[in-house]
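Chemist: Below is the structure I would like to discuss, written out as structure tokens.
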Amino acid sequence: MTPFTDQKADQIATLGENGLIEKITRWMEPISPPPPFGIGDDCAVMDSGDVGTLLVTVDALIWNEHFDDTFTPQEAGAKLIKRNLSDIAAMGGAPAGAVIALTLSDDVSVSWLEGFYAGIRETAQKWGFLIVGGDVTRGGASNFFGSHLTLMGSAARAIRRNGGQQAGDYILVTGDLGGSRHGKEKTFSPRITEGQWLAEQSVVKAMIDVTDGLAKDLPALLPKGTCARLNIDRLPISQDACKKSESSGKTPLTHALGDGEDYELLIILDQNTDPELLLEEWTRFHKSSLTLIGRIAESDESTERRLIDHATDQIITDEAFQHFR
């Protein structure tokens with residue numbers, strides 16, 4: 001029996017990414033605990049006794065899905081590492097070690113692969129962890145390159161996706177959003193230092209990294225019966241998003257909400273604190289920006305887990321990235 005089908009009703013494209021993850025979660029329920037110890041957060045959390053919390057994450061880098069011929073091999077290798085580091089950052093952790101699995105067609109260039117591993121080596125050295133193993137297998141008749149990295153780390157206090165956030169809590173984001181294809185997807189720096197600092201702040205309730213776009217990732221932080229009321233004029237829209245809008249026919253806001261691959265941190269802050277104090281402290285320790293963009297609010301069914309423009313009271317539509325769609 002092949003793993004493929006011509007029956008559209010049985011194809012994963014009918015589910016989309018979220019639907020597929022929901023099914024996998026149900027299939028694995030007997031052997032997979034609820035998040036953050038199982039499926040559903042940036043990293044899986046495992047108790048490692050006296051040494052703190054063990055973090056485990058895995059990400060892929062596939063030719064013509066996550067990179068193309070505009071990337072140097074070094075940039076591709078670095079991106080594989082940094083995608084995983086961003087997940088560790090979102091948990092407030094530090095990297096410890098990684099393994100890499102490659103699936104290659106026969107025509108993959110040895111010299112290109114050497115450059116790819118140079119990017120991996122240099123990035124791992126920069127962030128202070130080791131590559132401790134891996135696997136190589138043949139796959140695809142031609143023109144196929146797939147890489148998967150499993151990264152392990154640790155955190156004194158892992159910030160989780162569900163930290164008891166509720167209506168009234170503040171929403172903040174690091175850096176700028178949108179326009180990643182204009183260069184940021186190659187040059188971004190994972191917010192490891194920032195994530196560790198945020199994890200030390202007891203008023204930080206929840207945190208994730210923005211990989212699929214704010215419009216998709218923010219609803220994942222909203223509890224049932226709530227929405228996100230955003231101050232659109234405060235949204236940190238990147239210059240690249242503005243440049244991209246000149247040729248795309250879309251607004252800079254649309255790019256900021258839906259482009260994805262921002263690799264910034266999205267943070268929920270306890271309502272019983274003054275966010276301005278946190279922002280003031282932030283500037284003492286970090287060069288990157290941190291912006292208060294809105295608050296979680298109570299909602300009815302029509303606006304549940306939606307993004308609302310606080311000024312106009314309108315639902316913000318989006319074109320956030322989703323796999324298999």
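The values are calculated or read from the model by the stated rules, or taken from the named source; none is laboratory data. Here the structure is a predicted model, which is why all the values come from computation and not from measurement. Every residue, glycine among them, receives a Cβ derived from its backbone with ideal geometry; neighbour counts consider all protein chains shown.
Chemist: Looking at Ile296, is it in a strand (DSSP E or B), in contact with a Leu (Cβ under 7 Å, 6 or more places away or on another chain), at pLDDT 95 or above and within 22 Å of Lys184 (Cα to Cα)?
Modeler: no
Chemist: While we're here: If a residue has to be surrounded by 15 or more Cβ atoms within 10 Å (Cβ to Cβ), at pLDDT 70 or above and farther than 19 Å from Arg83 by Cβ to count, how many in the range 21-44 make the cut?
Modeler: Of the residues in that region, 2 qualify.
Chemist: Has the range 132-140 got any residue that is of a type in the set (Lys, Arg) and farther than 11 Å from Ile81 by Cα?
Modeler: yes
Chemist: Could I ask something else about it? Looking at Thr303, Thr283 in this structure, which one is modelled with pLDDT under 90 and over 17 Å from Ile237 (Cβ atoms)?
Modeler: Sole residue among the options that is modelled with pLDDT under 90 and over 17 Å from Ile237 (Cβ atoms): Thr303.
Chemist: Still on this model: Are any residues in the range 273-296 among the aliphatic types (A, V, I, L, M), surrounded by fewer than 18 Cβ atoms within 10 Å (Cβ to Cβ) and closer than 22 Å to Pro223 by Cβ, and if so, which ones?
Modeler: Matches in the range 273-296: Leu292 only.
Chemist: Please give the strands (runs of 3 or more DSSP E) falling wholly within the range 50-141 in which 2 or more residues are of a type in the set (A, V, I, L, M, F, W, C) and surrounded by 14 or more Cβ atoms within 10 Å (Cβ to Cβ).
Modeler: 53-62, 94-104
Chemist: Test of understanding: among Thr254, Thr273, which residue is in a helix (DSSP H, G or I) and of a type outside the set (A, V, I, L, M)?
Modeler: Thr254
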